[in-house]
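Below: one structure, written as structure tokens.
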Amino acid sequence: MIKMTYPPTLRQPSEGQTVAVVGDVYRFMATGDETDGRYAMFEAVVRPGGGPPPHIHSREEESFYVLEGEITFQIGDDRIVAKAGTFANMPVGSLHSFTNATDKLARMIVFVAPAGLEKMFLDVGQPVVFGHQAPPPSKAEIDRLLAVAPSYGIEIRLPQQ
């Protein structure tokens with residue numbers, strides 16, 4: 001008989017800690033605290049024009065599954081328009097970003113392994129009620145994310161000013 005190392009997790013559609021991070025909303029379905037650090041999984045609601053700048057993860061793989069809408073992924077110098085049903089995986093060390101270049105909300109599932117990145121979102125995010133949109137990003141929020149990201153192994157590459 002196989003022994004469980006952590007208890008099962010069940011989230012209903014409106015459950016899970018939800019935070020706004022620089023204009024987008026993230027609902028956590030499984031965190032490292034619930035998976036013994038193996039992985040974390042969350043839903044991202046990306047506003048029109050939303051998404052992070054190009055960045056590199058030094059610790060975790062990051063995978064995306066587009067549920068609805070359209071997301072444009074930048075992987076290195078390549079741009080790929082991803083519609084609902086598209087899966088994308090970013091290995092550790094890959095330069096990538098995503099944006100919602102449409103005028104409608106987009107939703108996707110984000111999976112990171114090992115866990116840990118979700119702690120950055122919880123550290124810099126503002127709690128919001130599931131189903132509500134995020135407030136527009138403020139300069140203070142962006143500055144905080146830029147200051148905190150390196151401690152989570154994230155290198156953010158901002159465009160040259």
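None of the figures in this text is laboratory data; all of them are computed from the coordinates on show. Everything numeric in this text was worked out from a predicted model, so none of it was measured. A quick note on method: Cβ atoms are made from the backbone with ideal geometry, for glycine too, and the neighbour counts reach across all protein chains shown.
The gain in end-to-end length when the Ala101 to Leu67 segment is fully stretched comes to 10.7 nm, 0.36 nm per residue minus the alpha carbon separation. Using C-alpha pairs under 8 Å with a sequence gap of at least 6, the mean separation divided by the residue count of the chain gives a relative contact order of 30 percent. Distances between placed amide hydrogens fall under 5 Å for Gly125 paired with no residue 5 or more residues away or on another chain.
Taking the C-alpha atoms only, the angle from helix 139-148 to the longest principal axis of the chain is near 50 degrees. The distance from the alpha carbon centre of segment 94-132 to that of segment 1-54 is 9 Å, rounded to a whole number. Each Lys or Arg adds one and each Asp or Glu subtracts one; over the other residues with Cβ under 13 Å from the Cβ of Lys119, this totals -4.
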